[in-house]
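The values are calculated or read from the model by the stated rules, or taken from the named source; none is laboratory data. Treat the numbers as computed from the prediction; the structure is a model and nothing was measured. Don't worry about glycine lacking a Cβ; one is built from the backbone with ideal geometry, like all the others, and counts go over all protein chains shown.
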Amino acid sequence: MPVTVKTFANFGEAASALSSDRSARYLGGGTLVMRALNEGDVSISTVVRANDLALTRIDVASSRVTIGAGVTFGRILAERDLAFLHAPARSIGGPAVRNMGTVGGNLFAPSPYGDFTVALLALDATVSVQGGLGARDMPIEEFLQSRERQSGALVLAVACQRPASADAFRYRKIARIKPKGGSVITLAAHLPSSGGRISGARIALGSMAATQIRARAAERALEGRALDDAAINAAAAVAAEGVSPTDNALGSAWYRREIVGVHLRRLLSGLE
Amino acid sequence: MLELRKDIFADERDDNLKEIGKGTQRQDMLGHVTGTSTYFDDHKLQGMLHLKVLRSPHAHARLRRIDTMEAERSPGVRRIIRGADVPRNLNTLLSLINFGKDDEPSLAVDKVRYKGEPIVAIVADSPREAYEAMAKVRVDYEPLPAVFDVEEALKPGALVVNETYPKNTFIYHDVYDHQKLRFGDVERGFAEADHVLEQRYQMSPIEHAPTETNGSIAAPDTNGRYVVYTSTQALFFSLDTCAKILDVPSNTFHFIGGTVGGGFGGKVDTLTEPLAILGAMLTGRPVRYQLGREEEMQFGSPRGAERIYIKDGVMRDGRIVARKIRAYFDSGAYTRLSSYAVVKCVAHLPGPYTIPNVHGDVYCVFTNRTPATAMRGFGVTAMDFALECQMDKLAHLVGIDPMEFRILNAYRDGDMKAHRREAKNTALIECAQVAAEKAKWPLREEVKRMSSRKDGGGSRAAISPTPIEPAPQRAAVSQQRTTYDRAPPAPIHEPPPPAPPPPPRPQSPSHGATRFSSVFGTRRR
Amino acid sequence: MTKTPLQFRHNGRDVAVFVDGGVNLLVALRELIGDMTPKFGCGQGGCGACSVLIDGELHLSCLTLAEAVNGRAVETLDGLKDGPNLHPLQRAFMEQFAAQCGYCTPGMLMAAKSLLDRNPSPSRAEVIEAISGNICRCTGYEPIINAVLAAASSGRARA
Amino acid sequence: MAKHRGRGIASINYPIGMNLGGDPSQALVHSNPSGKFTVSLSSIDLGQGMKSVTRQICAETLGVPVEDVYVDTADSDTGPHCMGSFASRGTHRVGNAVMAAAKEARGVMMEAAAEELEVNAADLETDGRGNIHVKGAPHRSISTKDVAIAAQFKQGKTISGRGIFLVPLSEVNPETGEMSPATCYAHACLVAEVEVDDETGEVAMVRMDSAYELGRALNPRLVEQQLVGGAWMGISHALFETPEPYYPDPTHGPRDFVEYLMPGPGDTCPHDIAVLERPAADGPFGAKGPGEMCANPVLPAVANAIFNAVGVRMDELPITPEKVLRAIKAQGGARPQARR
C-alpha cells in the first residue's frame, strides 16, 4: 500500500486517527518514522501529523515546567529557563538531529537511543497521553513500563519539577565517540537535599535494561546521607543492582555492569 | 602538520622540477565545495526504475522453494529477477586474471551461504513498491548449521561452506590449501635462539564505510548498448566482470564513473552493476541499484578477519634469528579477493626486517559470513599489527629500547628478503630516526648514525640452506619460557604432500571479458 | 499512486512539485527539483551528507517528510555561492584541502554555515560540536575543523 | 581512578601496486589546437587525488603549466584500460603511464616547434610557462599555443601520446614462496601516545609523531591529506571499528553510524608528520604511493602504547574499552611501564 500522510490541526483528531489504524505512525520529528520508511518498513502505510500549537508549547512560568511533546531539543537548548535540561538535550545527535528530534519521540526511541528520557525519569516527570478514550497523565515510570502498548497513543506533553539548584540535577552520557555517540550508559541523578542530607534521590540509567530504569539500590544508599565519599561509594557499589543490560554493538552487558558504578561515582563526585 | 625532510636522501633526487612537489590545488576541489562533482547517483534519468534485493536471513540454509507469484502481481513491479535469469550465475572476481574457480552466484539458487546473500531482485517503479513486493516473496528455507571460526572450518569433518572448495580453503597451485614461504631453517633458528616467543593475534572484520554506498545506474543507450553510471573503483574490472556474468561482448557497455564517494577497497567487488544492467536489459528502462546503509554495513563485503600466530627466536643481543608465521584469512562464504591477499601477505613476511630463517603458511579459509574483500592496506594491515606488537614484546623481552630494536633488525640495501629478492631503496632506519627525533625519543649516537645504505648485503644477502620437507620437531633446548608464552594450539591439519603443479593448460575465455594475464598454475574452470 | 502538491522556496526561488506519500525531502530535492548537492549517505540520520537549512535551521533532508516543508524556505549547498562568488566557507575548505572524495562536503558546509550564521566567532570545541552529526571517512576531520575556523576568522577580518 | 599515559611505536613498509605485478594501466594525452592538453584515463578518483596527481605529472613531463592540463577519468569509451584504483597503484602505475604518454606527446610538440623555429628539436627546451625556446637563447622562442596551431593547421601533426605501464607478472614458487611481489616499497615509523583510564578501559589518543618515506611527494598537500586521514583511519581500526563486535560470534552487527564506531571530530589528536623522499627507480619522478600504508603503523603503535601505559598486551582488534578493562582486571590492576 502506498503511504498516506494525514495532517490534523487538532491533537485529539490525530490521536483518533492513530488509534484506529494499526498501520499508522505519528511522525513527530521524523527521526524514527522517516528512517523506518526510508529503510522499507512496509508495516507503516499512514503517517499522522498534528499541527496543534499545544504540542510545541513550553511553560516555564512556575516551578513545574511543562514541555510539549513536539518541542525539539534545539528549542530546549535555546530556552534559558530550561538550563537544567541542556546537558541531556545536547547529548542527543548532532545539531541537525536536535533540530528535528522531539521530547515526545524520545520517549519511544529504542535502545541505544532515548537519552533525554533518562533525564525525565530521574526528574520524576509525568507524561500526558491522549489515547482513543481521552487524555490522562501518568508517571513516566508507568509510561515506560507500558510503552509497548502505547504505540497507538499520542503523547501531548511532559512535565516535571524544576530542580532546586543546578547541583541537584546531574546528567552524563557515556559514549565511545566524541562529541557525539550512541550511549554505552546514560546516567541522570536528581539529588534533592534538605539540611545537607539527600532526601528523595532519584537515579535513572539508560542502556542498562530494555527501557530506561531507576537504580533504586543506589538511591537508597544515598537517602538521608550527606553527599560525601562514603555515601557516594556506597551508591556506586550497588549501582548495578537490578539492572539487566544486554550486549549490543556499543558495549557488552558485562562491560556495562562493570562500569556503571564507576560512572555513577564520578557523576556524584563531580569528576570528569 | 607536515614537514618535508629534503635533507635526507638529497643526493638521490633531482629537485629541479616545476610542477612536481608543489601543493597545487586539487583539480576536483571546486566541484567538491560547490556540490557539482558528479557521482554515479547524480544522473537523473527519465523513467528510472528501482532495484532492491531480497537477502537471506540465515547464515547457511538450503532454499527449498522460492515463490514470487504474489510479488509479481504487486503494484509497480516491472520484473522479478531470479538466479535462473542470470546468464552466467557463477563467477569469481579474479577469474579475469585466471586466478581461482567460479564459486559465487549473483543470486542464490539452491543454497545460501551467508546471512544477507542475495536471492531475488525486484525491479519496480519506486523503492516503496519494490519493498512491498519484497515482503510478498515467499522463501522456504531449510536452515543448516553454520561455521564462523576459521580454525573450526579447517577441522576434519567440518561442514562444507562452499562446494567449489570442499575443504573450506582456497587451493593454491592446484595442490596446496595454503601459500607457503620457506627461507632458511626456522627450527634450527629456534634451537639457537636465546628466547622463543609464540603469540596469537586476531583482527576482526572492518567495514569500509564510504559515505557514498555502493551503487550503479544502468540504462539502455541509443545504440543498443547500455550506459552504466557506477561507483566502482575499477572501471574495466567491473565492466569485464559484467560482460562475463551477462555473457555479452564487453563493448556492449559504456561505463562511466571516476568520481566516487570513497571506496577504501569496498567498491571493487562489482556488487550492483550486473543486476542493475540485467534489470535494464529485462525491462528496457533505466534501473538504479544502490545499497542502503544497513546493507552496506552488514552485507557489503568487509575487510576480512585474520588470525595470526607468530613464533620468533631472538638472541640476547636483539637479533631475530627465526620467525615462523601461520595465518588464517577469513574469506567468508566466497573467494572474492582474499585468495590474492594471502599471497600478498606471504610476500610481506617477515616484515621490514632481515631475518635469516623465515617460515610462513597462510590460508584463505571459507566460513559462513559475508564474503570479505580488499581494503586499504590489503593483506598487510593485520599482519603489520601482529608483527609490530610482536616486535614490541621481543624488545621488552631482551631489554632493548623498542625503537633501537627495530633499527637493529631493519632491512637494508643489499639484504636478501624472504621471498628471495634483494632489498633495494630501503628507508626504514631513516623513518625510525626521524620519527624518534620528532617524538623526542632518545636514541644512542651509534644508532642515530646507522643507515639503510650502509652495512647491508654481504652475509645478509645469503639464503640459508632451506629444508624442502619441514624439519622434524626438535626437542626443546635450553630456551627461556617467558610470561608471554601461551600454549599454542597444535597445527590443525597437515598439508598434503608436495606435488609438482600440473602443466598449464591453454584456455580461451568463452565470454566477452578480457583475460588480462595469468597468475599461478591455478586456472579458472 | 496519489501525488500531493508541494510548494516551497528553494535557494530563494519558488518551486512546486508533486510528491508521493511518505517521500523525504532529499528525494524531492534530487529527483524532482534536480538539486543534486544534498547527498544520500544513509537515510538514517547518521551521516549528515543530506544536511540542508530549513527556515535557516539545520535539518537532515532524508528524515524530513517532503510535505512538511510546504511554504517554508529550504537552502542547500547549491545556494551557498553569491552568484559566481564562493562563500568564505567554500574558499576556506579549498584552501585547507578539507575534502578528498567530496561526498560529505555539501553536508559539512551546510552544518558549518548553520554554525557561523549564529556564531561568527566559534571556538574549536564549538566547531567540533557543529559538525558532530556529519561523517567524513577521508580527511580525519582536522582539515575541516581548521577550514571552519579559518572561514570564521576571515569573516571577522572583513567585518 | 587513574589515567595513565604511555607511548608506543611501530615501523612498517608497504609494497606499491598489485602484488606480483601484471596490473597494467594506460593513458592517452592529446593537445587541442590551442596547446591545452587533456589526459584521458579510465582510472578512478575516489578521493585520493588521481585527477590531480596525474595532472601534475603530465604538466611536468610536457613542460607546460599545470593550468594547461586537465584530466578526464573513468569513461570506458574514451579512457584506455586501467586495472583500477586499489593496491596503492594509482600514483605509481597510472602516473608512469601518464608520464609515458606525455613524453610521446612532448616529442611531437618539440618536433613541431623545431619546424617552426627552424632548429633541431634536440636544441629546444620548455620553460614550464607555456613557451619553447632554443637552449641558451630564450629570445628564440615560440609559445605552445602557436606550436599547437601550427601542428594542427599547417604541419598536420597530432600532438598526442600513448602510454602504458606494466610491471610484468611474476610467478610464485609453490614450495618456497619465491616471487617478485613489488618493484618498490614505501616506509613509515610512527610514535603514538595514549591515555588509558584504568577503571573504564577507555583509551584516548594524546598525540602522534611520524615519518613516512614515499619516494617523492608529488604534491605535498595531497600527501598530507592521505597521511592525516589515513592515520585517523588507523586510530579507528585500532580502537573502534568492526561490523562484528563479538567476532567470531556474528551477532550484534551495527546497522548505522551510531552503532558502527569511528572516531568523531572530538577524538582526533595532534599529529606531527615528516615526509622523506628516497626516489624509487621506476616511480614517476621517484614516487611510490602513500594511500594504502598510512593507517598501518597506527594500529600496533596504539597497542604498544597501551602496554606502556598500563602493562597489558592487546592482541585482538579492535581494542575496545572492554578488552582493556578485562586485561587490567586479569593482571590485578594497571602496571605502568617505564615512561619513555
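Can you tell me which of D:34, D:43, D:85 is more than 8 Å from every other protein chain (Cβ to nearest Cβ) and assigned to a loop (DSSP other than H, G, I, E, B)?
On the way: D:43 fails: more than 8 Å from every other protein chain (Cβ to nearest Cβ); D:85 fails: more than 8 Å from every other protein chain (Cβ to nearest Cβ).
Within the list D:34, D:43, D:85, the selection yields D:34.
Give the residue that is surrounded by the most Cβ atoms within 10 Å (Cβ to Cβ), with candidates limited to residues of the range A:121-145 that are touching a residue at least 60 places away in the same chain (Cβ under 8 Å) and farther than 16 Å from residue A:210 by Cα.
Step one: of the range A:121-145, the residues touching a residue at least 60 places away in the same chain (Cβ under 8 Å) are A:121-124, A:130-132, A:141, A:144-145.
Checking the rest, the ones that are also farther than 16 Å from residue A:210 by Cα come to A:122-124, A:130-132.
On the way: A:122: 29, A:123: 24, A:124: 16, A:130: 22, A:131: 16, A:132: 13.
Per the criteria, the residue is A:122.
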Filter result (over 18 Å from residue A:113 (Cα atoms), away from chain C (no Cβ under 14 Å) and out of contact with any helix residue (DSSP H, G or I) (no Cβ under 6 Å at 6 or more places or on another chain)) within the range D:247-274: D:247, D:248, D:249, D:250, D:251
Residues that are at negative phi and at the interface with another protein chain (Cβ under 7 Å from one of its Cβ atoms), drawn from the range B:197-231: B:199, B:200, B:201, B:202, B:203, B:204, B:205, B:206, B:207, B:210, B:211, B:212
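Please indicate, with yes or no, whether at least one residue in the range C:76-97 is over 30 Å from residue D:45 (Cα atoms), touching a residue at least 24 places away in the same chain (Cβ under 8 Å) and of a type in the set (Asp, Glu). Break it down into steps so the answer makes sense when it comes.
Going residue by residue through the range C:76-97, those that are over 30 Å from residue D:45 (Cα atoms) are none.
No, the range C:76-97 contains no residue that is over 30 Å from residue D:45 (Cα atoms), touching a residue at least 24 places away in the same chain (Cβ under 8 Å) and of a type in the set (Asp, Glu).
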Residue check, residue B:224 surrounded by fewer than 24 Cβ atoms within 10 Å (Cβ to Cβ), assigned to a loop (DSSP other than H, G, I, E, B) and not hydrophobic (A, V, I, L, M, F, W, C): yes
The range B:388-426, subset at positive phi and not small (Gly, Ala, Ser), residue nearest to the chain's Cα centre (by Cα): B:420
Options B:114, B:165; residue that is part of a loop (DSSP other than H, G, I, E, B), crowded, with 24+ Cβ neighbours inside 10 Å and at negative phi: B:114
From the options C:9, C:30, residue that is in a helix (DSSP H, G or I), more than 12 Å from the chain's Cα centre (by Cα) and at pLDDT 95 or above: C:30
Condition met for residue D:244 (within 23 Å of residue B:201 (Cα to Cα), acidic (Asp, Glu), touching a Gly at 6+ places or on another chain (Cβ under 9 Å) and more than 10 Å from chain C (Cβ to nearest Cβ)): yes
The range B:19-45 residues that are more than 7 Å from chain C (Cβ to nearest Cβ) and under 20 Å from residue B:234 (Cβ atoms), paired with ones that are in a loop (DSSP other than H, G, I, E, B) and of a type in the set (Val, Ile, Thr) (beta carbon under 8 Å, 6 or more apart): B:40/B:260
Enumeration of residues in the range A:159-174 that are in a strand (DSSP E or B) and closer than 16 Å to residue A:140 by Cβ: A:159, A:160, A:161, A:169, A:171
For residue B:30: the one exception among (1) outside any loop (DSSP other than H, G, I, E, B); (2) closer than 30 Å to residue B:365 by Cβ: (2)
Close pairs from the range B:74-96: first farther than 22 Å from residue B:333 by Cα, partner part of a loop (DSSP other than H, G, I, E, B) and among the polar types (S, T, N, Q), Cβ under 7 Å, at least 6 apart: B:76/B:126; B:80/B:68
Residue match in the range A:12-22 (condition: buried (at least 21 other Cβ atoms within 10 Å of the Cβ) and among the basic types (Lys, Arg)): no
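Residue B:121: crowded, with 19+ Cβ neighbours inside 10 Å, among the small types (Gly, Ala, Ser) and in a loop (DSSP other than H, G, I, E, B), yes or no? Before you say what the answer is, go through the steps one by one.
On the way: crowded, with 19+ Cβ neighbours inside 10 Å: yes; among the small types (Gly, Ala, Ser): yes; in a loop (DSSP other than H, G, I, E, B): no.
No, not satisfied.
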Failed criterion for residue A:271 (all others in (1) at pLDDT 95 or above; (2) loosely packed, with under 14 Cβ neighbours inside 10 Å; (3) farther than 24 Å from residue A:211 by Cβ; (4) of a type in the set (A, V, I, L, M, F, W, C) hold): (1)
Helices (runs of 4 or more DSSP H) completely within the range A:1-102 that count 3 or more residues being under 30 Å from residue B:292 (Cβ atoms) and within 12 Å of another protein chain (Cβ to nearest Cβ): A:33-38, A:95-100
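From the list C:18, C:97, C:93, exactly one residue is in contact with a Lys or Arg (Cβ under 8 Å, 6 or more places away or on another chain) and in the same structural domain as residue C:146 (by TED's automatic domain parsing). Which is it?
On the way: C:18 fails: in the same structural domain as residue C:146 (by TED's automatic domain parsing); C:93 fails: in contact with a Lys or Arg (Cβ under 8 Å, 6 or more places away or on another chain).
Only one candidate passes the filter, namely C:97.
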Residue identified as part of a loop (DSSP other than H, G, I, E, B) and in contact with a Phe, Trp or Tyr (Cβ under 9 Å, 6 or more places away or on another chain) among B:75, B:87, B:57: B:57
Which listed residue is modelled with pLDDT of 95 or more and farther than 30 Å from residue B:188 by Cβ, from B:322, B:327, B:305: B:305
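Between D:123, D:127, which is away from chain B (no Cβ under 13 Å), surrounded by fewer than 24 Cβ atoms within 10 Å (Cβ to Cβ) and either on the phi < 0 side of the Ramachandran plot or free of Cβ contacts under 8 Å to residues at least 60 places away in the same chain (or both)?
Values: D:127 fails: away from chain B (no Cβ under 13 Å).
So the residue among D:123, D:127 that is away from chain B (no Cβ under 13 Å), surrounded by fewer than 24 Cβ atoms within 10 Å (Cβ to Cβ) and either on the phi < 0 side of the Ramachandran plot or free of Cβ contacts under 8 Å to residues at least 60 places away in the same chain (or both) is D:123.
Would you pick out the residues in the range A:146-170 that are surrounded by fewer than 14 Cβ atoms within 10 Å (Cβ to Cβ) and either more than 22 Å from residue A:13 (Cβ to Cβ) or among the acidic types (Asp, Glu) (or both)?
A:146, A:148, A:165, A:166, A:167
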Residue within the range C:43-51 that is out of contact with any Asp or Glu (no Cβ under 9 Å at 6 or more places or on another chain), assigned to a strand (DSSP E or B) and among the polar types (S, T, N, Q) present: yes
Subset tally (residues that are within 16 Å of residue A:253 (Cβ to Cβ) and without any contact (Cβ under 8 Å) to a residue 40 or more places away in the chain) for the range A:174-212: 1
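Quick one: is residue D:85 under 16 Å from the mean Cα position of the chain (by Cα) and surrounded by fewer than 24 Cβ atoms within 10 Å (Cβ to Cβ)?
So residue D:85 does not fit the description; no.
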